[in-house]
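The values are calculated or read from the model by the stated rules, or taken from the named source; none is laboratory data. Computed from a prediction, not measured in an experiment: that's the story for all the values here. Counting neighbours? That spans all protein chains shown, and the Cβs are built from the backbone with ideal geometry, glycine included. The protein model used for the area step is the full one, side chains on, heavy atoms only, and it has no ligands, DNA or RNA in it. Shrake-Rupley method; radii C 1.70, N 1.55, O 1.52, S 1.80 Å.
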Amino acid sequence: GGDITIEAKDSAGLRDTTAKITLGDNQGGVILKGEDISIRAIADTSSFFGDAEAEEDNRNGVERTIDILSGVRTFAGWSTASADAEVFILSDTDIEAESLNLEAWAKAYAEVKCFSTALGVAYGFSKPTAKVIIEGSTDIKADGDIVVHSSADSKVDVIAYTVSLGTELGTQADVTVAIGESDIEATSKVDSEAKIETGGALTVKAEAKRYQ
């Protein structure tokens, strides 16, 4: 047979993206035979913040302005982003290939900028989840290399900037708070009952990365 590529990709420019691939179901697995077989799921939120027009159109969902306390304007900016990429090889699946690549890649980027007087608060939260799971009773054979790889990338860019107007026009004190959080999960798992035969190298790797 020839090469086989199965790909699920969500990079539609939304703050929450999901891409999942499952071989098999609760009735049993599947049979897949080919030369170079690649199965990958990619979930990416970065384009949501990379397009100026999209950011402007969705600004109400990213930055909120709140008026509190008479005479004091408070600008509160927040941004959340989640990316979920998963590849599941369910039990009783049979895969034969020259080489096999199983990959899940999740990129969650949260960016927010808050500019205010007196009090400024900005909060960003990023949650990428990447999983490649090979369940038990799975039979995988490859003459060459087998790669099982999950990668979860998180970027949180939070800026809060407060302009002081002085005690006459502003307040006695100016306060700026910027908080960025990440919840990152990368899992590459091969069940102990799975059977894997390879004529090359077997690589099982999970990577979690955080960028500021």
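Structure notes:
- Förster radius 30 Å - calculated FRET efficiency between Glu98 and Thr18 (Cβ-Cβ, nearest 0.05): 0.45
- With DNA, RNA and ligands ignored, accessible area of Tyr211 (1.4 Å probe; Å², nearest 10): 100
- Label-to-label distance, Lys113 versus Ser192, with points set 7 angstrom from Cα along the beta-carbon direction: 5.3 nm.
- Here the gap between Arg210 and Thr5, fully extended at 0.36 nm per residue and compared with their Cα-Cα distance, gives a gain of 70.9 nm.
- Stretchable slack from Val163 to Lys141, in nm (0.36 nm times residue separation minus alpha-carbon distance): 1.6 nm
- Among 95-108, 192-205, 127-140, 16-29, the peptide with the highest mean count of other Cβ atoms within 10 Å heads the list, and the full ranking is 95-108, 127-140, 16-29, 192-205.
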